[in-house]
1. When a/c is below 1.5 the answer is rounded, else prolate if a/b is larger than b/c, else oblate, so apply that to the range B:76-128 with a ≥ b ≥ c taken from the square roots of the Cα gyration tensor eigenvalues.
2. Provide B:Lys226, A:Lys134 ordered by accessible surface of protein heavy atoms (probe 1.4 Å), highest first.
3. Given a 1.4 angstrom probe, what's the average accessible area per residue across chain B, in square angstrom?
4. Check cross-link reach from A:Lys134 to the lysines: straight Cα distance under 26 Å, and skip same-chain residues fewer than eight apart.
5. Residues of the range A:188-230: accessible area per residue at 1.4 Å, in Å²?
6. Does anything in the range B:290-306 have its amide N under 16 Å from the 7 Å Cα→Cβ label point of B:Leu181, and if so which residues?
7. What FRET efficiency comes out for B:Ala29 versus B:Ser124 if R0 is 60 angstrom and r is the Cβ-Cβ distance? Round to the nearest 0.05.
8. Could you put A:Leu172, B:Leu194, A:Leu131 in order of accessible surface area, largest first, with the 1.4 Å probe and the full protein assembly present?
Amino acid sequence: MNPPLVEFERVTHRYPGGHDVLTDASLRLNLGEMAFLTGASGAGKSTLLKLIARLEVANRGQVRVNGQNVAALAPRHVPDYRQHLGLIFQQFNLLYDRSVFDNVALPLRIQGHADHDIARRVRAALDSVGLLNKAAVMPIRLSGGEQQRVGVARAVVTRPLLILADEPTGNLDHDTALGVMDLFQRYNRAGVSLLIATHAEELIEQIEGYRVFHLDGGHLSLHPSGKALRHGR
Amino acid sequence: MAAKPRAQAPPRPPGAVRRWLRGHRQAIAQTLRHVRAAPLGTLLTAAVVGLTLALPAALHVLVRNAGEVSSAWQGAVQVSFYLEDAVSAAEGAALAATLKADAQVNDTRYISREAALAEFRAHSGFANALDLLDENPLPAVIVLTPEDDLSREAITAVMQRHAARPEVAFAKLDQQWLERLHALLRLVNRAITLVALGIGIAVIIIIGNTLRLEIERRRDEIVVMKLIGASARFIQRPFLYTGVLLGLMGGVLAWTLVQALVLALTGPAAYFASLYGSDYALAGLGWDASLGVLAGGLMLGTAGALWTVKRHLAGVEPRFSGPGS
Ligand SMILES: Nc1ncnc2c1ncn2[C@@H]1O[C@H](COP(=O)(O)OP(=O)(O)OP(=O)(O)O)[C@@H](O)[C@H]1O
Ligand SMILES: [Mg+2]
């Protein structure tokens with residue numbers, strides 16, 4: 001079995017003044033694995049991803065990524081740590097004052113890569129999402145699905161340790177969403193680890209062969225994806 | 001560092017210096033992006049900074065010209081030796097010739113008591129009053145013109161040297177007004193320093209506030225950058241450069257403004273000088289003052305940026321709640 005890439009060990013988390021979002025939650029995501037995270041609105045999917053990205057720090061328990069307790073990271077090491085993650089958002093979070101190319105190039109520029117290296121990798125990433133011909137376009141002129149593909153390209157361009165996607169298809173229609181899911185599967189077959197939070201269970205039912213973590217009342221339960229998901233609950 | 005990239009991910013860290021240079025080049029590109037996004041706002045801020053900096057620079061030019069004009073007049077300074085009444089006209093004229101022999105003296109002129117009275121009668125308008133007097137109240141005078149290039153100290157020394165002669169009742173240097181002017185200029189110079197200090201603070205506040213607004217406007221973008229692993233330094237740099245650029249632009253503008261003002265006044269000033277038989281040309285900002293204005297703008301821009309950027313960027317953080325909260 002693969003070594004665990006992400007490990008939640010009895011994690012409890014609540015926001016100031018709120019109720020427990022996670023209660024004694026444990027989870028293992030293996031290196032090279034793609035898994036889904038489901039649950040009703042407000043169940044805590046985004047919170048769980050934020051704990052991994054060190055946007056939140058758990059009140060109790062440990063969140064380990066690649067063996068490292070992320071809560072123990074000094075603040076000045078957090079940017080370095082985040083450079084090993086690829087984040088994908090429901091609202092795309094693109095920068096609209098620069099071209100598609102420059103958006104995808106941004107994480108590489110942050111990491112200080114040379115221009116020729118950046119050009120090569122950005123083209124490869126854009127090619128993988130089918131947007132090579134839109135490199136020079138400003139993102140505002142793209143459709144929602146295209147913008148999300150730019151977001152995906154930006155997340156994969158650094159070849160991150162782990163891709164975290166929060167509701168990546170939330171703003172897309174069904175067919176476009178399936179296209180994005182298809183992209184994720186292709187990256188996963190190439191060895192990329194992904195954790196995808198979504199409440200679009202009808203999408204997951206159409207994709208066989210992945211694990212689904214379901215959040216309900218602060219507790220995690222495990223299910224298979226595909227048709228079994230519906231019958232399993 | 002915790003997480004290592006996967007084995008098949010080969011990004012080798014480039015040379016530290018190249019990486020550093022690249023970071024700054026990117027920051028400059030980003031700064032230009034800021035400027036392009038709001039060219040008018042940038043220009044307006046630079047204009048305000050420029051006008052503000054122009055004030056002490058213009059005052060400096062004023063003082064500089066006053067100083068140069070007054071030192072040009074210094075050559076016209078004369079020393080008057082008032083002679084004892086007992087000194088005869090022949091003795092007086094001989095003394096004038098002796099004084100002229102002094103290497104530091106350009107010329108002397110002996111004015112007898114009678115000549116002095118005639119001169120006074122002709123020019124003073126008190127002719128009738130003089131008629132009431134029994135005798136001539138005016139002493140004989142030797143008017144001494146020092147060599148052109150003598151300093152004020154040297155002229156004073158010449159005066160004191162000859163004032164000690166027995167024929168001389170007392171000597172007087174005709175430059176009291178010049179002393180007063182110099183004192184006034186020193187005062188104005190002090191005032192300029194104070195004005196410049198206040199203006200420096202104003203410029204820091206103007207630039208700091210502009211950057212604060214810029215950070216506010218780019219809040220979403222900054223959050224995205226932090227989410228994809230940009231360090232605080234990476235995010236800060238373009239804003240710091242924007243501050244430096246605003247300061248530098250302000251400095252250039254202030255310089256241009258003052259030089260244009262000097263240029264515009266050169267004609268009238270030359271005409272004015274010609275009325276006094278002078279070929280004095282108005283001086284602009286010297287190279288040192290020019291450098292001062294530019295460096296001042298640059299430094300104040302940097303200070304304004306350092307003062308705000310770090311503080312305000314720290315506030316733009318994806319929401320965070322610590323353990324135990
Ligand atoms: N920054 C915050 N401060 C306080 N409470 C928060 C904060 N963020 C989320 N919460 C609360 O925590 C709970 C879980 O929120 P979270 O965003 O993780 O849910 P979610 O499963 O992602 O929901 P959705 O499907 O709507 O995105 C909710 O009750 C929410 O109100
Ligand atoms: Mg959410």
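The values are calculated or read from the model by the stated rules, or taken from the named source; none is laboratory data. Keep in mind it's a predicted model, so treat the numbers as computed, not measured. Backbone-built Cβ (ideal geometry, glycine too); neighbour counts: all protein chains shown. When the accessible area is computed, the model is the full protein with side chains, heavy atoms only, and any ligands, DNA or RNA have been set aside. Shrake-Rupley method; radii C 1.70, N 1.55, O 1.52, S 1.80 Å.
1. In terms of gyration-tensor shape, oblate.
2. From most exposed to least exposed: A:Lys134, B:Lys226.
3. Here the per-residue accessible area is 57 Å².
4. Leaving aside lysines fewer than 8 places away in the same chain, those within reach of A:Lys134 are B:Lys226.
5. Spelled out: the 1.4 Å probe surface of the range A:188-230, per residue, equals 45 Å².
6. Counting backbone N atoms under 16 Å from the label point, the list is empty.
7. About 0.20, to the nearest 0.05.
8. The ranking, largest first, comes out as B:Leu194, A:Leu172, A:Leu131.
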